[in-house]
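The values are calculated or read from the model by the stated rules, or taken from the named source; none is laboratory data. Everything quoted here is computed from the prediction, not taken from an experiment. So basically every Cβ, Gly included, is an ideal-geometry build from the backbone, and we count neighbours across all protein chains shown.
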């Protein structure tokens, strides 16, 4: 059975950029619902409880046809949110990118500032609900990708390195329809140490 992971910090740790009420609802209700729905979907096929959600999403063709889309939606929601919580930290705990990650970003995008601009543009370009990701492609190249709904990069053989949730439930209580303001604030709480770990792990 899949379980809802605890946040790696208190619900109010990301204030003033993301408020306590949003984090509580987002984690407990939204993420919790994805986990509950995923477990219900897999009840007839308990062998999948033995696999990690990352393995399942990387091998969607192994899923029975009657649950495949449901697992994409709810398993993707579980994986995306589990990833999202960990790539954020309080402003006090945030630190600059490692030299290795900085070099990779500079090589691909030109500079950290250009990368942030292009990532923000990608996130603003998500129509409706979805995510923007910095990914590592199978040929070990950094790239930007936007995904609708809860689709996960692993399903396209890409590894997520950094990602932002731009579903309205991620920011509406504080920012209403001001997605751009939410994204600008979010950069203050990116956990670059975790992003660097994701990059090193993906590079192998």
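Tabulated results
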| read-out | value |
| --- | --- |
| Which listed residue, of 148, 95, 143, is in contact with a strand residue (DSSP E or B) (Cβ under 7 Å, 6 or more places away or on another chain), at pLDDT below 95 and surrounded by fewer than 17 Cβ atoms within 10 Å (Cβ to Cβ) | 148 |
| Members of segment 44-59 found to be surrounded by fewer than 17 Cβ atoms within 10 Å (Cβ to Cβ), in contact (Cβ under 8 Å) with a residue 12 or more places away in the chain and assigned to a helix (DSSP H, G or I), listed by number | 49, 54 |
| Hey, residue 154 more than 29 Å from residue 32 (Cα to Cα), in contact (Cβ under 8 Å) with a residue 24 or more places away in the chain and in a helix (DSSP H, G or I) or not | no |
| Odd one out for residue 128, checked against (1) within 14 Å of residue 199 (Cα to Cα); (2) at pLDDT below 95 | (1) |
| Selection count where residues are under 24 Å from residue 93 (Cα atoms), in a loop (DSSP other than H, G, I, E, B) and either free of Cβ contacts under 8 Å to residues at least 40 places away in the same chain or touching a strand residue (DSSP E or B) at 6+ places or on another chain (Cβ under 7 Å) (or both), scope segment 164-204 | 2 |
| One residue from 72, 87, 18, 67 being more than 27 Å from residue 172 (Cβ to Cβ) and surrounded by 13 or more Cβ atoms within 10 Å (Cβ to Cβ) | 67 |
